[in-house]
Amino acid sequence: MSLSRDSILGYVDADIGTVDVPEMGGAVRIATLSVDEMDKLTKLDDAKPASAQIVIIGACDDKGVRLFTPEDFDQIAKLPAGIISRISKAILAHNGMGPAAAEEAKNASSETAN
């Protein structure tokens, strides 16, 4: 079945992941990023910790609504590095990015070449 323009443009991705954060007493929900949000990841501010910026872009509630805005950066940057790093890595992994995704893509391309 071919999709119409309206079907494509009206698509809502409901794939929301979860990363456990027992130190904080629960879990953080993580969103599937849009093309626009993925593009923001390529333009992170080098003067600020990337992990905090990634959490701002990808942490969400149960409905996919983002939890943070750029104005929350200073507060997020003061949280424990291990926690923010774990959340940011989960956001990247959920969206097919990061070391595991790079290795998977490398393996897939070498399998195709054979």
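Just so you know, all these numbers are worked out from the coordinates, no wet-lab data involved. This structure is a prediction, so every number in the text was calculated from the model and none was measured.
Per residue of the chain, the DSSP helices (runs of n ≥ 4 H) give a summed -39500 (n - 2.57) that works out to -13500 deg cm²/dmol at 222 nm. Between (i) 0.95; (ii) 1.11; (iii) 1.03, which entry matches Rg/Rh (Cα atoms, Kirkwood Rh) as derived from the coordinates of this structure? Answer by label: (iii).
Subtracting the Cα-Cα distance from 0.36 nm times the residue separation, let me have the gained length for residue 45 to residue 74 in nm, one decimal. Spell out each step's value before the answer.
Working: separation 29, 0.36 × 29 = 10.44 nm, distance 1.34 nm.
Stretched out fully, the residue 45 to residue 74 stretch lengthens by 9.1 nm.
GNM on the chain, alpha-carbon springs under 10 angstrom: the most fluctuating residue among 18, 32, 42 is 42.
The angle separating the long axis of helix 99-113 from the principal Cα axis of greatest extent in the chain is about 20 degrees. Counting lysine pairs in the chain that sit 8 or more residues apart in sequence, or on different chains, and whose Cα atoms lie under 28 Å apart gives 15.
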